Amino acid sequence: MGFIIKLAPLGVLGAIAFTTGTYGVESLKQLGMLVLVFYVSCFVFVAVVLGVVMRLAGFSIFKLIRYLREELSIVLGTASSDAVLPQIMRKLEWMGVKDSTVGLVIPTGYSFNLDGFSIYLTLAVIFIAQATNTPLSMHDLIVVVLVSLVTSKGAHGIPGSAIVILAATLSAIPAIPVLGLVLILPVDWFVGIARALTNLIGNCVATVVVAVWENDIDRARAHRVLNRDAALRFVPAGDDAEPAAGEHAHAV
């Protein structure tokens, strides 16, 4: 493992060198545009789509993101949401969501509710098609969307696994050369950060929404926690952590 880790940067350097040498320095500008478009797409999805969903559930997406800022910071540095799985579950339970709902939705969502991954696959396929001058019909675009919804399942946790999943998605459109995924390799880590963040936020929103549907959430407590009530400040300790004076611990 140590040998692989030491050589991994050389592999990325080789991918960037191959892309630049084959397609020219101008290709880096196009890759930068791909990263920018992906980040903007993820932001719009979280702020608008998930924001509306949370508003319909009676909560604010921005307050939820602020509440989960420590976990999101870890994901920002690791490009993987697996490292914060236990902490995310504890925080949602502390917020007022019943442990039965958290225990079902979060682990399931980690495998089946990958919003960021689906956005990435569709954008990457279209980018490769344009870079290789491969025309795509409306039928091809629909196939890409449907296939990406399937191939993205279970693709979380391992940074870099997106290349393998992307290759499987490209196989659905034989006209697009699979070798074109080499174009994406130099920026995979950068898009992986936004991908993991979007996946995690989407799963947390799904947990809150399901809890609202099933009436498995203490709304009053949730609002107080999201509004940063000092008496309900989350204590990042063991399961035996006690709440502030005057408050009773939420059953987890």
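Descriptive notes on the structure:
Results for (1) surrounded by 17 or more Cβ atoms within 10 Å (Cβ to Cβ); (2) within 28 Å of Val182 (Cα to Cα), shown as yes or no for each residue.
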| residue | (1), (2) |
| --- | --- |
| Gly14 | no, yes |
| Phe43 | no, yes |
| Gly51 | yes, no |
| Phe59 | yes, no |
| Phe62 | no, no |
| Glu70 | no, no |
| Ala79 | yes, yes |
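- Test result for Ser41, within 24 Å of Arg228 (Cβ to Cβ), in a helix (DSSP H, G or I) and polar (S, T, N, Q): no
- Here Ala196, Ala155, Ala211 are screened, and the one residue that is touching a Leu at 6+ places or on another chain (Cβ under 9 Å), crowded, with 20+ Cβ neighbours inside 10 Å and at pLDDT below 75 is Ala155.
- If you filter the stretch 75-123 down to residues that are over 30 Å from Ile184 (Cβ atoms) and among the polar types (S, T, N, Q), you find that the one that is farthest from the chain's Cα centre (by Cα) is Ser100.
- So Ala231, is it small (Gly, Ala, Ser), touching an Asp or Glu at 6+ places or on another chain (Cβ under 6 Å) and modelled with pLDDT under 75: yes
- Identity of the residue in the stretch 123-149, among the polar types (S, T, N, Q) and surrounded by fewer than 19 Cβ atoms within 10 Å (Cβ to Cβ), that ends up nearest to Met89 (Cα to Cα): Gln130
- Number of the condition not met by Phe43 [criteria: (1) within 13 Å of Ile184 (Cα to Cα); (2) at pLDDT 90 or above]: (1)
- Test: residue in the stretch 72-92 that is at pLDDT 90 or above, out of contact with any strand residue (DSSP E or B) (no Cβ under 8 Å at 6 or more places or on another chain) and acidic (Asp, Glu): no
Residue-by-condition table, conditions (1) over 22 Å from Val191 (Cα atoms); (2) more than 19 Å from the chain's Cα centre (by Cα); (3) among the aromatic types (Phe, Trp, Tyr):
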{"site": "Lys29", "(1), (2), (3)": "no, yes, no"}
{"site": "Met33", "(1), (2), (3)": "no, yes, no"}
{"site": "Val37", "(1), (2), (3)": "no, no, no"}
{"site": "Val48", "(1), (2), (3)": "no, no, no"}
{"site": "Arg55", "(1), (2), (3)": "yes, yes, no"}
{"site": "Arg69", "(1), (2), (3)": "no, no, no"}
{"site": "Ser73", "(1), (2), (3)": "no, no, no"}
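- Meeting the requirement of 1 or more residues that are of a type in the set (Gly, Ala, Ser), over 13 Å from the mean Cα position of the chain (by Cα) and within 19 Å of Phe59 (Cβ to Cβ), the helices (runs of 4 or more DSSP H) wholly within the stretch 156-226 are 188-213, 219-226.
- Only a single item in (1) under 30 Å from Leu141 (Cα atoms); (2) of a type in the set (D, E, K, R); (3) at pLDDT below 80 is not met by Lys29, and it is number (3).
- The stretch 85-143: number of residues that are of a type in the set (A, V, I, L, M) and more than 30 Å from Met33 (Cα to Cα): 10
- Condition met for Arg221 (within 19 Å of Arg66 (Cβ to Cβ), of a type outside the set (Gly, Ala, Ser) and exposed (fewer than 15 other Cβ atoms within 10 Å of the Cβ)): no
The values are calculated or read from the model by the stated rules, or taken from the named source; none is laboratory data. These figures come from a predicted structure and were not determined experimentally. With ideal geometry, Cβ positions are generated from the backbone for all residues, glycine too; neighbour counts draw on all protein chains shown.
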